[in-house]
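Novice: What follows is a structure written as structure tokens; I'll ask about it next.
Each reported figure results from applying straightforward, stated rules to the coordinates on display, with no laboratory input. As the structure is a prediction and not an experimental result, all values here were calculated from the model. For neighbour counting, all protein chains shown are included, and Cβ atoms are generated from backbone atoms with ideal geometry for every residue, glycine included.
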Amino acid sequence: MNTITTPTIATAVKRGNNWKWIAGIGALVVVALAVLSAMNWGMGSMPADLDFSTTRTSTNGVFRAAIRPAVDPIPINTLHSWTLHVETPDGKPIENAMITLHGDMPQHGHGMPTTPTVTSYLGQGNYTVDGMKFQMAGWWVVDFELKAGGTTDQVRFNLLLK
Amino acid sequence: MKSRFMLIGFALLVLSMIGSIAFSAWPRSPWTQADVAVLRGLWIGSMPPLPPDPSNRYADNAQAAAFGQRLFFDTRLSANGTIACATCHAPQQGFQDGKPLSQGIGTTNRRAMTIVGTAYSPWLFWDGRKDSQWAQALGPLESAVEHGGNRTRYAHLIAGSDRAAYEALFGPLPDTTLLPPSAGPVADPTARAAWDGMRAADRDAITRFYANMGKAIAAYERTIMPGPSRFDTYVQAVLNNDTVAMQTLLTPDEVMGMRLFIGKAHCVNCHNGPLFTNNDFHNTGVPSVPRLPEDTGRAHGAPQVRGDEFNCLSRYSDAQPAQCGELQFMKPEGEQLIRAFKTPSLRNVAERGPFMHAGQFTTLNDVLAHYNRAPAAPAGASELKPLNLSKTEIAQVIAFLKTLSGPLATAPTWLTPPK
């Protein structure tokens, strides 16, 4: 590229069209940078400020919940289980909670291929969630509804699966 | 003169900037670490070990596979003596038939899927109405438009000519002497009535025999696996960072198609993993075929597999209930299932048009044009969004898809009728 272009520029310089060429090259640089930016930023349309932490406080602050997938990193296309820990904001385990959940891909208009459920209580506020399965990489949300002691609250976990 | 040198110097500086930008965008390996992770996931070397099939205790029995191979190619297992499993799943055609709708005794409403690599799939058929290879094999054998046979007909046949082979594997055949020549829970009213007239214990014994036929066929089908394609050789070069090999193994168009496949065209969303399928069900707005009955796909298949007499939780399955997680936790209903069809593997896709569940598209170009346009679904909601691919980009994706062709990894002796 250089060997072809440089003499052309030199010729242009001789003709006195210097600033036109400089402007042209400048424009090329701008275009190249724009293309690169698009390449880097064009793929995702996920909110930038998502919280991917695995311990989160429920919407109304009633519970604190933590997820622990049995397989790390979370696999694609593989049935696996999670442990969900539920406690009060000051760290007291929640016993005998009624828990339901579902997962969704907000960018794709579909959820999980399975209907995971809480299958056992392990003690210490820990619950086994069986039937977890994700069929695509990308941004997932898993929403839990937690009921205990006459109170209901929701907690959402964001996942970025690869 | 001095200002000219300065100008040339400035021009060279700018050019080197462009050069370095270009170099950073297309370094010697054109793939980022994230790309390499995606490509590694699609690479055949990432195939996990063959998953066990706890519902079939004969799944890994070589003798059962040999018996299954005989059954797979046996045209006597049909109403008119001309149809075998291999009729619509022809080994020379990648275990499919190249037809929009399959031709058995009659014409089916769907296109034959390949059986290559199906040992990895928790669901069989376009609607996943079966949850194992052995349960799948039993469907066509007693479908009126496929093999057109029935359970006692097959039992009489095996008792007459293959008793020793069967009994060596499965133990004594049920006594068939007093059973009707043609009876089974099938569409044909005469055979159906004969079946209903049999003693429950006989129906159960014959059904267990029938399930064993399926288990032998499945033991054979488990051996049918895809082999490496040009794509896999290329990914191997990527993983070795062998940039010289990378440049010779695929053309720039094929590489660009690969980039589109894992990027802008979003193909990899569903066509992921080393078999290029997530084995799940998706509504991609594929048009319906006017002369065929309404087809709701997984919305119909999900309740069918739950109630299937041969599913993982059935009395004919060898699995413990805890080993049937896929069935127990499957999504049984919902908008997402309407006209959702199984994601097919893309290995050897260029060798096996027409495409989609009823062969709606003749060429890969038709398929790509559909995904590019993303039309509304005839029912349910399509998951597609328009891709804005140019004609050149479509051609590049197709060029890439052709790199997924390769020979089977199965020994040739399995690909022809046994002696």
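Novice: Which of the cysteines in chain B are isolated, no other cysteine C-beta under 4.7 Å?
Specialist: So far as the 4.7 Å Cβ criterion goes, B:Cys85, B:Cys88, B:Cys267, B:Cys270 stand without a partner in chain B.
Novice: Let me ask something else about it. Could you compute the FRET efficiency for B:Asp196 and A:Arg156, with r as their C-beta to C-beta distance and R0 at 51 Å, rounded to 0.05? Intermediate results must be reported in sequence, preceding the final value.
Specialist: On the way: r = 53 Å, r/R0 = 1.04.
That gives a FRET efficiency of 0.45.
Novice: Do you know the relative contact order of the stretch B:282-419, to the nearest whole percent, from alpha carbon pairs under 8 angstrom that are 6+ apart? Walk me through the intermediate numbers first.
Specialist: Values: 168 pairs, mean separation 42.4, N = 138.
It rounds to 31 percent for the stretch B:282-419.
Novice: Let me ask another. Which number do you get for Rg(Cα) / (2.2 N^0.38 Å) in the stretch B:69-151? Present the calculation step by step, with values, prior to reporting the outcome.
Specialist: On the way: Rg = 11.8 Å, N = 83, 2.2 N^0.38 = 11.8 Å.
Rg over 2.2 N^0.38 Å, computed on Cα atoms: 1.00.
Novice: Then there's this: Could you tell me how many cubic angstrom of Cα convex hull volume the stretch B:238-313 has per residue?
Specialist: Details: hull volume 13.8 nm³, N = 76.
Expressed per residue, the convex hull around the Cα atoms of the stretch B:238-313 is 182 Å³.
Novice: Any idea what the dipole of the stretch A:55-161 comes to, in debye rounded to 20, about its Cα centre with Lys/Arg Cβ at +1 and Asp/Glu Cβ at -1?
Specialist: Numbers: 7 positive and 9 negative charges, 17 e Å.
I would put it at about 80 debye.
Novice: When you look at the Cβ of every residue in B:274-281, what mean number of other chain Cβ atoms sits within 10 Å? Before the final figure, lay out the partial values.
Specialist: Working: counts 0, 1, 0, 2, 8, 3, 9, 3.
That works out to 3 on average.
Novice: Rank the residues A:Arg156, B:Arg298 as a footprinting-exposure proxy: fewest other Cβ atoms within 10 Å of their Cβ go first.
Specialist: Values: A:Arg156 14, B:Arg298 32.
So the residues, fewest neighbours to most, are A:Arg156, B:Arg298.
Novice: Based on the Cβ-Cβ distance from B:Lys99 to B:Ser390, what FRET efficiency comes out when R0 is 35 Å, to the nearest 0.05?
Specialist: Values: r = 32 Å, r/R0 = 0.92.
Taking R0 as 35 Å, the efficiency between B:Lys99 and B:Ser390 is 0.60.
Novice: Also, quick follow-up: For the stretch B:251-376, compute Rh as the Kirkwood radius over C-alpha pairs and then the Stokes-Einstein diffusion coefficient at 20 °C and 1.002 mPa s; write the answer in µm²/s, rounded to an integer. Display every interim value, and only then the final one.
Specialist: Details: Rh = 16.8 Å.
My calculation gives 128 µm²/s for D.
Novice: Quick one: putting +1 on the C-beta of Lys and Arg, -1 on the C-beta of Asp and Glu, what dipole do you get for the stretch B:130-235 around its Cα centre, in Debye to the nearest 20? Walk me through the numbers on the way to the answer.
Specialist: Numbers: 11 positive and 12 negative charges, 13 e Å.
Taking the Cα centre of the stretch B:130-235 as origin, the dipole is about 60 debye.
Novice: Considering all alpha-carbon pairs of the stretch A:55-161, what whole percent are spaced by more than 20 angstrom?
Specialist: Working: 1968 of 5671 pairs.
Within the stretch A:55-161, distances greater than 20 Å cover 35 percent of Cα pairs.
Novice: Test of understanding: ordering B:Cys324, B:Cys85 by Cβ neighbours within 10 Å, fewest first, what list do you get?
Specialist: Final ranking by Cβ density, sparse to dense: B:Cys324, B:Cys85.
Novice: Shifting gears a bit: Please list 3J(HN,Hα) in residue order for the stretch B:181-188, calculated via the Karplus relation 6.51 cos²θ - 1.76 cosθ + 1.60 where θ = phi - 60°; whole Hz, with x for glycine and proline.
Specialist: Per-residue couplings from phi come out as x, 9, 8, x, x, 10, 6, 4 Hz.
Novice: Once label points are set 7 Å from the Cα along Cα→Cβ at both A:Arg68 and B:Leu239, what is their separation, rounded to one decimal in nm?
Specialist: Reported label-point gap for A:Arg68 and B:Leu239 is 3.2 nm.
Novice: Right, something else. Report the charge-dipole magnitude of the stretch B:62-221 in Debye, nearest 20, computed about the Cα centre from +1 at each Lys and Arg Cβ and -1 at each Asp and Glu Cβ. Could the numbers behind the result be given before it?
Specialist: Working: 15 positive and 14 negative charges, 26 e Å.
The dipole magnitude comes to about 120 debye.
Novice: Along the Cα→Cβ direction, 7 angstrom out, place labels at A:Met98 and B:Thr248. What is the inter-label distance in nm?
Specialist: 6.8 nm
Novice: Averaged across A:113-122, how many Cβ atoms of other chains sit within 10 Å of each residue's Cβ atom?
Specialist: On the way: counts 16, 7, 7, 2, 2, 0, 2, 0, 0, 0.
For peptide A:113-122, the averaged partner shielding equals 4.
Novice: With an 8 Å Cα cut-off and a minimum separation of 6 or more residues, compute the relative contact order for chain B in percent. Working shown, then result.
Specialist: Details: 720 pairs, mean separation 91.0, N = 419.
With pairs under 8 Å counted, the relative contact order is 22 percent.
Novice: For the protein assembly as shown, what is the convex hull (Cα atoms) projected area averaged across all directions, in square nanometres?
Specialist: On the way: hull surface 138.3 nm².
If you wrap the Cα atoms of the protein assembly as shown in a convex hull and average its projections, you get 34.6 nm².
Novice: Okay, moving on. Limiting things to C-alpha atoms, what are the Rg and the maximum Cα-Cα separation (Dmax) for the stretch A:60-122, in angstroms?
Specialist: That works out to 13.6, 37 Å for Rg and Dmax.
Novice: For chain B, which longest stretch is free of loop sites, where a loop site is one of the GluC sites (Glu not before Pro) that DSSP puts outside H, G, I, E and B and that has at most 15 other Cβ atoms within 10 Å? Display every interim value, and only then the final one.
Specialist: On the way: sites that count: B:Glu294, B:Glu309, B:Glu333.
The answer is B:1-293.
Novice: In addition: Taking the Cβ of each residue in B:Asp131, B:Asp35 as the centre, tally the other Cβ atoms inside 10 Å and list the residues starting with the fewest. Walk me through the intermediate numbers first.
Specialist: Values: B:Asp131 26, B:Asp35 16.
Least crowded to most crowded, the residues run B:Asp35, B:Asp131.
Novice: Would you grab the residues whose amide H sits under 5 Å from the one on B:Gln96? Only those 5+ places off in sequence or on another chain, please, with H modelled 1.01 Å from N.
Specialist: Residues meeting the amide H criterion: B:Ala90.
Novice: Between helix B:62-72 and chain B, what is the angle of the helix's C-alpha long axis to the longest principal axis, kept within 0 to 90° and rounded to the nearest 10?
Specialist: It is inclined by approximately 80 degrees.
Novice: What per residue convex hull volume, in Å³, comes out for chain B when only alpha-carbon positions are used? All intermediate terms of the calculation are to be shown ahead of the outcome.
Specialist: Working: hull volume 66.5 nm³, N = 419.
Convex hull volume per residue, Cα atoms: 159 Å³.
Novice: While we're looking at this one, here's another question. Rounded to whole Hz and in sequence order, give me ³J(HN,Hα) for the stretch B:326-342 from the Karplus expression 6.51 cos²θ - 1.76 cosθ + 1.60, θ = phi - 60°, writing x for Gly and Pro.
Specialist: For the stretch B:326-342, the Karplus-derived couplings read 4, 6, 5, 10, 4, 6, x, 7, x, 3, 4, 8, 5, 6, 8, 10, 5 Hz, x marking Gly and Pro.
Novice: A further question on this structure: Could you give the semi-axes, largest first, of the ellipsoid that matches the stretch B:62-221, computed as the square roots of 5 times the alpha carbon gyration tensor eigenvalues and rounded to whole Å?
Specialist: Working: eigenvalues 120, 68, 39 Å².
With the √(5λ) rule applied to the stretch B:62-221, the semi-axes are 25, 18, 14 Å.
Novice: Residues in the stretch B:237-276, backbone N under 19 Å from the label point at B:Asn365 (7 Å along the Cα-to-beta-carbon vector): list them, ranges by number please.
Specialist: It comes to B:253-254, B:257, nothing else.
Novice: Non-local amide H neighbours of B:Gly297 (under 5 Å, H modeled in plane, Pro and chain starts lacking H): which ones?
Specialist: Close amide H contacts, sequence-distant or interchain: B:Arg339.
Novice: Using Cα atoms only, what is the angle between the long axis of helix B:33-42 and the major principal axis of chain B, expressed in degrees (0 to 90) to the nearest 10?
Specialist: Between the helix axis and the principal axis of chain B, the angle is about 20 degrees.
Novice: For a test of the definition: using alpha carbon positions, the gyration tensor, and the 1.5 limit on a/c, classify the stretch B:119-197 as rounded, prolate or oblate. Display every interim value, and only then the final one.
Specialist: Working: a/c = 2.62, a/b = 1.25, b/c = 2.09.
Note, shape of the stretch B:119-197 comes out oblate.
Novice: While we're on this one: Using a Förster radius of 35 Å, what is the FRET efficiency between B:His156 and B:Asp60 based on their Cβ-Cβ separation? Nearest 0.05, please. Let's see the in-between values first.
Specialist: Working: r = 29 Å, r/R0 = 0.84.
Plugging the Cβ-Cβ distance into 1/(1 + (r/R0)^6) gives 0.75.
Novice: Moving to a separate point now. Need one value for B:329-335: mean number of C-beta atoms belonging to other chains within 10 Å of its residues' C-beta atoms. Display every interim value, and only then the final one.
Specialist: Values: counts 13, 6, 10, 1, 1, 3, 3.
What the average comes to for B:329-335 is 5.
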